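This report refers to the structure that appears directly beneath it.
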Amino acid sequence: MKKITHPQWLAVIALVVTLALGCPSSACGSTTNLWQFATGDTNSSPVGGGSAIATAAPGQFASGWKAPNGPLGNVNGMWDLGRNGTLTFDHLSEVGGNLNQSNLVTVSVRQFLGGPYTLATLAIPGAQCLQTNQSIASLATGGLGGQWLVIETRWSLPPGNPLTNAVITSAYNGSLVDQVTFVSTAVTVTPISLQLTIQPLGTSPAKVKISWAASLTNQLQATADLSHPNWTTVALPATVVGDIKSITLDATAAMQFFRLQ
């Protein structure tokens, strides 16, 4: 790999990326909306009130709302949504609405699996599903030979796109839903400069020291031409001293350009 003779010829390309960094709840903010469907109102507010609203629209063959403490266990009350029925959640608390915040959302849906009933699905417009977990709820059931499950999904919304609405859609054979929880947390997105620092180290032989923040995991790359760049990773291992990472190179006859990638 060609290297430079004179340190003043060295060209550095500093790139800027954005990293999603967690922050204390006092700085970021989070909110929880919980529905337990204790009544048969088709429009219901979360426990504790608020502006959010859940709208039930049962589909074909649905029996609608079922009272609590029935043969399917000690539940709060449940919606039999029938074929492709929906629970639509609107006006969810807006956290992370400014341009420098993204939103992480965890949704837990408690629903019954057994007999004719299968699992409903969740959609959040503009969000990416990151993870899905399934666990058995601690609810005794005496009917249909099935069990209550908690389906927990984690979602990411990009900066400037707060959580506002979501839709649960029942399966073709019908779904039973008894409890839904949304927990949304804002995450600050902080611009981080991938700045390289160049330091000449004597003339016999000529060397240069290239350094950057040790907290960055990016690799140092070099190219001899910016008009037709061929970026290759600098093979030498970096040295870490305190919060600084660095590589020392011999200076040779050719100009080179460096970046962190």
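The values are calculated or read from the model by the stated rules, or taken from the named source; none is laboratory data. Computed from a predicted structure; not experimentally measured. Don't worry about glycine lacking a Cβ; one is built from the backbone with ideal geometry, like all the others, and counts go over all protein chains shown.
Values computed for the structure shown
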| item | result |
| --- | --- |
| Meets criteria (in the same structural domain as Ser175 (by TED's automatic domain parsing), under 26 Å from Gly40 (Cβ atoms), touching a strand residue (DSSP E or B) at 6+ places or on another chain (Cβ under 7 Å) and modelled with pLDDT of 90 or more) for Val109 | yes |
| Subset of the range 147-179 that is among the aliphatic types (A, V, I, L, M) and in a loop (DSSP other than H, G, I, E, B) - its residue that is farthest from the chain's Cα centre (by Cα) | Ala171 |
| Near pairs, Cβ below 7 angstrom, 6+ apart or cross-chain, from the range 112-126 (over 25 Å from Gly145 (Cα atoms)) to any residue that is of a type outside the set (Ser, Thr, Tyr) and surrounded by fewer than 20 Cβ atoms within 10 Å (Cβ to Cβ) | Ala123/Val167; Pro125/Asn165; Gly126/Asn161 |
| Residues satisfying the stated conditions in the range 42-85, i.e. of a type in the set (Gly, Ala, Ser), part of a strand (DSSP E or B), touching a Ser or Thr at 6+ places or on another chain (Cβ under 6 Å) and under 21 Å from Phe182 (Cα atoms) | Ala54, Ala56, Ala57 |
| Top-ranked residue in the range 194-225 [being out of contact with any Phe, Trp or Tyr (no Cβ under 9 Å at 6 or more places or on another chain) and not in a strand (DSSP E or B); ranked as farthest from Gln261 (Cα to Cα)] | Ser204 |
| Residue pairs meeting the criteria (Cβ under 6 Å; at least 6 apart or on separate chains; first more than 22 Å from Gly202 (Cα to Cα), in the range 225-252; second surrounded by 12 or more Cβ atoms within 10 Å (Cβ to Cβ)) | Leu226/Phe257; Pro229/Thr223; Asn230/Thr223; Trp231/Gln221; Trp231/Thr223; Thr233/Gln219; Thr233/Gln221; Asp243/Ala214 |
| Members of the range 47-71 found to be over 20 Å from Ala120 (Cα atoms) and at pLDDT 95 or above, listed by number | none |
| Residues that are modelled with pLDDT of 85 or more and touching a helix residue (DSSP H, G or I) at 6+ places or on another chain (Cβ under 9 Å), drawn from the range 212-261 | none |
| Out of Thr248, Thr223, Thr233, sole residue that is surrounded by 14 or more Cβ atoms within 10 Å (Cβ to Cβ) and in contact with a Leu (Cβ under 8 Å, 6 or more places away or on another chain) | Thr248 |
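Conditions (1) in contact with a strand residue (DSSP E or B) (Cβ under 9 Å, 6 or more places away or on another chain); (2) buried (at least 20 other Cβ atoms within 10 Å of the Cβ), marked per residue:
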residue	(1), (2)
Gly40	yes, no
Pro46	yes, yes
Ala54	yes, yes
Ala57	yes, no
Pro71	no, no
Gly77	yes, no
Asp80	yes, yes
